[in-house]
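Have a look at the structure below before the remarks.
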Amino acid sequence: MEVMFVEAKAKKKVNIGKSVLNKLKDFKTIGLVATVQFVSQLPEIKSELKKAEKQIVISKPNKHAVYPGQVLGCDVSAAIKIQNKVDCFLYIGDGKFHPLGIAVQTNKPVIILNPYTNKVNKLSDAEKKKWLKKQAARVSKVRDAQILGILVTTKPGQQNLKRAEQIKKKLQSQGKQAFVFVADTINPNDLLNFPQIQAWINTACPRLVDDQELFKKSIANADEINI
């Protein structure tokens, strides 16, 4: 089946107002990141922030994202690459899905500017700690499991069948049972048909684990359990 990816750029102009500058007042060097809807506006946003005497860093991602400063659910490398060069990140987009990924993987403050509402918020430490606590619980249960299912997607850019087979061999060498499950879309309800599986190892989009509550068994990314 042929797949065509079409970019949807927002017509909404990003406004860098006083509320944004107020949230950034304690930070000198700022990393700029955005979803594809707003990534084309980053150069202009950079210029506006430089007028406020801020140092701005925008990095090109090195995984699945394409444009400088662009972040995806499965790729925040544009932030990771510059985490040691910035004091915080300014994320342009809606929701907390991407900001949480950035905060967890860089350990830097993340300021969220929602262009649709013009609201500016700082991702709280409590939200980050809550995610990390859930992660620790997930990973512990997956490591303790003796019968594991390894999830693989056929989606372009996310397919990791070769790694799944390597994980399977390593688990078997540890005396565990391992089975590879391949599908286009990983649907938690479909996995209910395999009650013998005690836990899942994910090789698809790493943010799949954020939906742990939809899975009846614990799930962890391969990188989270160092396998």
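The values are calculated or read from the model by the stated rules, or taken from the named source; none is laboratory data. Since the model is a prediction, treat every value here as computed from it, not as a measurement. Don't worry about glycine lacking a Cβ; one is built from the backbone with ideal geometry, like all the others, and counts go over all protein chains shown.
Could you go through region 114-124 and let me know if any residue there is outside any helix (DSSP H, G or I) and farther than 30 Å from residue 14 by Cα. Lay out the reasoning, then the answer.
Step one: list which residues in region 114-124 are outside any helix (DSSP H, G or I), which gives 114-124.
Filter once more, so that each one left must be farther than 30 Å from residue 14 by Cα: none.
Within region 114-124, none of the residues are outside any helix (DSSP H, G or I) and farther than 30 Å from residue 14 by Cα.
Residues checked against (1) at pLDDT 95 or above; (2) of a type outside the set (A, V, I, L, M, F, W, C):
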| position | (1), (2) |
| --- | --- |
| 23 | yes, yes |
| 28 | yes, yes |
| 57 | yes, no |
| 76 | no, no |
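This table checks each residue for (1) under 30 Å from residue 204 (Cβ atoms); (2) in the same structural domain as residue 204 (by TED's automatic domain parsing); (3) of a type in the set (Asp, Glu); (4) surrounded by fewer than 20 Cβ atoms within 10 Å (Cβ to Cβ).
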| site | (1), (2), (3), (4) |
| --- | --- |
| 12 | no, no, no, yes |
| 22 | no, no, no, yes |
| 25 | no, no, no, yes |
| 35 | yes, no, no, no |
| 38 | yes, no, no, no |
| 43 | no, no, no, yes |
| 66 | yes, no, no, yes |
| 72 | yes, no, no, no |
| 107 | yes, no, no, yes |
Restricting region 167-200 to residues that are in contact with a Lys or Arg (Cβ under 9 Å, 6 or more places away or on another chain) and closer than 15 Å to residue 139 by Cβ, the one surrounded by the fewest Cβ atoms within 10 Å (Cβ to Cβ) turns out to be 198
Anything in region 74-86 that is crowded, with 16+ Cβ neighbours inside 10 Å and either part of a loop (DSSP other than H, G, I, E, B) or not hydrophobic (A, V, I, L, M, F, W, C) (or both)? List them, or say none.
74, 75, 76, 77, 81, 82, 83, 86
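Answer with yes or no whether residue 99 is touching a Phe, Trp or Tyr at 6+ places or on another chain (Cβ under 9 Å), crowded, with 21+ Cβ neighbours inside 10 Å and in a loop (DSSP other than H, G, I, E, B).
Values: touching a Phe, Trp or Tyr at 6+ places or on another chain (Cβ under 9 Å): yes; crowded, with 21+ Cβ neighbours inside 10 Å: yes; in a loop (DSSP other than H, G, I, E, B): no.
Taking the combined requirement at face value, the residue does not satisfy it.
Applying the selection to region 45-55, what residues are part of a loop (DSSP other than H, G, I, E, B) and surrounded by 11 or more Cβ atoms within 10 Å (Cβ to Cβ)? Outline the logic, then answer.
So in region 45-55, the residues part of a loop (DSSP other than H, G, I, E, B) come out as 52-54.
Those that are part of a loop (DSSP other than H, G, I, E, B) and surrounded by 11 or more Cβ atoms within 10 Å (Cβ to Cβ): 52, 54.
Being of a type in the set (S, T, N, Q) and in contact (Cβ under 8 Å) with a residue 24 or more places away in the chain is the filter here; which residues of region 43-55 pass it?
To start, the set of residues in region 43-55 that are of a type in the set (S, T, N, Q) comprises 47, 55.
55 - this is the single residue of region 43-55 that is of a type in the set (S, T, N, Q) and in contact (Cβ under 8 Å) with a residue 24 or more places away in the chain.
Report, by residue number, each residue of region 190-227 that is assigned to a loop (DSSP other than H, G, I, E, B) and touching a residue at least 24 places away in the same chain (Cβ under 8 Å).
In the first step, residues of region 190-227 are kept if they are assigned to a loop (DSSP other than H, G, I, E, B); the result is 194-198, 203-205, 215-217, 226-227.
Scanning region 190-227 gives 194, 196, 197, 198, 203, 204, 205, 215, 216, 217, 227.
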Among (1) farther than 28 Å from residue 104 by Cβ; (2) buried (at least 19 other Cβ atoms within 10 Å of the Cβ), where does residue 217 come up short?
(1)
Spot the failing condition for residue 58; the list is (1) free of Cβ contacts under 8 Å to residues at least 60 places away in the same chain; (2) farther than 18 Å from residue 108 by Cα; (3) surrounded by 20 or more Cβ atoms within 10 Å (Cβ to Cβ), and only one is missed.
(2)
Out of the residues in region 1-43 that are more than 25 Å from the chain's Cα centre (by Cα) and of a type in the set (Asp, Glu), state the one that is nearest to residue 75 (Cα to Cα).
2
Here are 144, 94, 87: which of them is in the same structural domain as residue 219 (by TED's automatic domain parsing) and not hydrophobic (A, V, I, L, M, F, W, C)?
144
